[in-house]
Amino acid sequence: MDIVLGIDVGGSTTKIVGYKKDECIGMLQVEAGDQITSAFGAFGKFTAEYGLRMGDVKKIMVTGVGAAYLEKGMYDIPTIRVDEFMAIGLGGQKLAALTDAFIISVGTGTAIVKASDGKITHLGGSGVGGGMLLNLSERFAGVHSFAGITEIAKDGNLSAIDLRLSDISREKIGNLPPETTVSNFGNLRDNAKPADYVLGFINMIFESVGMMAIFATLGSDVKDIVLIGALSATEHAAVVFENLAKIHPVRFHIPKNAIFATAVGAALSG
């Protein structure tokens, strides 16, 4: 069948996608205690889920922080390591259907990649990301998973956490709307609830990531910004980016299946 698998091996979560020529035949993710178990578990679950035999897989393209653990290959199938930033760029382009874009991958930390003129360039990144969100949410709200974080944040109130422009000024300043954040956690109230803290963490992370991406576009004709990675499915991301786009001349995109983008990019490189 000449299937090419793309596997993004993370710290504890592995994403896997399968392509037959240009057609995606499926995608899924698994969690395990270590990278090797996670990667081989993803392979086994994928082949079982989609009815594939070992001989159907032509090659395996691996990327991510855990890819180095697979240097001996998988099941005697040609296993090729793909530069993670290349995979981020290719996957972001594919899922957003854009030729030129800035791709921000928000996983444990954040990486910013520019895809333009047929080239993929890593611009930099930040330690702000999912690792920060998970640990702060666990410490302040006792929430241990992204699903739990998303759920509790629905009951959060940002006015109990952040200082907004409307809190300190009765007049409009430039093109800034009244709800513009002046200071993350700058208005923290004594009666703030765990849900407020979690929503504040999410807002702080996405505002920081969004502004980093906006700064990256300065001096460039490319104004499309694509969000991928573990936090892309967080509902509040779209709200934050919509507000930022009202102020800055950029276009934000959160494509379907964005959490699988790096695995998609790995597969496409094969």
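The values are calculated or read from the model by the stated rules, or taken from the named source; none is laboratory data. As the structure is a prediction and not an experimental result, all values here were calculated from the model. Because the Cβ atoms are built from the backbone with ideal geometry, glycine has one as well, and the counts that use them run over all protein chains shown. We work out accessible area using only protein heavy atoms, side chains counted, and drop any ligands, DNA or RNA first. Shrake-Rupley method; radii C 1.70, N 1.55, O 1.52, S 1.80 Å.
So if I check each of Val226, Val222, which one is of a type outside the set (Gly, Ala, Ser), in contact with a Phe, Trp or Tyr (Cβ under 8 Å, 6 or more places away or on another chain), at pLDDT 95 or above and farther than 24 Å from Gly64 by Cβ?
Val222
Pairs, please: C-beta under 7 Å, at least 6 apart or cross-chain, first residue within 14 Å of Leu90 (Cβ to Cβ) and in segment 1-15, second open to solvent by 50 Å² or more (accessible area, probe 1.4 Å) and in a strand (DSSP E or B)?
Partner pairs satisfying both residue conditions: Val4/Lys58.
Regarding Glu151, is this residue free of Cβ contacts under 8 Å to residues at least 24 places away in the same chain, closer than 18 Å to Phe206 by Cβ and open to solvent by 80 Å² or more (accessible area, probe 1.4 Å)?
Judged against the criteria, Glu151 is a match.
Between a residue in segment 61-79 that is over 12 Å from Phe40 (Cβ atoms) and any residue that is in a strand (DSSP E or B) and among the small types (Gly, Ala, Ser), which pairs come within a Cβ distance under 8 Å, given they are 6 or more apart or on different chains?
Going by the 8 Å Cβ cut-off, the qualifying pairs are Met61/Gly6; Thr63/Gly6.
Looking at segment 1-11, which of its residues are open to solvent by 10 Å² or more (accessible area, probe 1.4 Å) and in a strand (DSSP E or B)?
The answer is Val4, Asp8.
The conditions are (1) open to solvent by less than 80 Å² (accessible area, probe 1.4 Å); (2) under 30 Å from Glu207 (Cβ atoms); (3) free of Cβ contacts under 8 Å to residues at least 60 places away in the same chain; (4) not polar (S, T, N, Q), and Gly89 fails exactly one of them. Which is it?
(3)
Give the residue, chosen from Val57, Val30, that is more than 28 Å from Gly109 (Cβ to Cβ) and of a type in the set (A, V, I, L, M).
Val57
Looking at Thr14, is it of a type in the set (S, T, N, Q), in a loop (DSSP other than H, G, I, E, B) and either farther than 30 Å from Ile214 by Cβ or open to solvent by 20 Å² or more (accessible area, probe 1.4 Å) (or both)?
In short, no.
Name every residue in segment 95-126 that is open to solvent by 50 Å² or more (accessible area, probe 1.4 Å), at pLDDT 95 or above and closer than 26 Å to Asn203 by Cβ, in order of residue number.
Correct list: Lys114, Leu123.
Among (1) under 17 Å from Ile112 (Cα atoms); (2) over 17 Å from the mean Cα position of the chain (by Cα), where does Ala261 come up short?
(2)
Among the residues of segment 243-262, is there at least one that is open to solvent by 50 Å² or more (accessible area, probe 1.4 Å), part of a strand (DSSP E or B) and in contact (Cβ under 8 Å) with a residue 60 or more places away in the chain?
Yes - at least one qualifying residue is present in segment 243-262.
Restricting attention to segment 202-237, which residues are open to solvent by less than 40 Å² (accessible area, probe 1.4 Å) and aromatic (Phe, Trp, Tyr)?
The one that is open to solvent by less than 40 Å² (accessible area, probe 1.4 Å) and aromatic (Phe, Trp, Tyr): Phe206.
Among Gly33, Gly55, Gly44, which is surrounded by fewer than 20 Cβ atoms within 10 Å (Cβ to Cβ), in a loop (DSSP other than H, G, I, E, B) and not β-branched (Val, Ile, Thr)?
Selected residue: Gly33, the only one of Gly33, Gly55, Gly44 that is surrounded by fewer than 20 Cβ atoms within 10 Å (Cβ to Cβ), in a loop (DSSP other than H, G, I, E, B) and not β-branched (Val, Ile, Thr).
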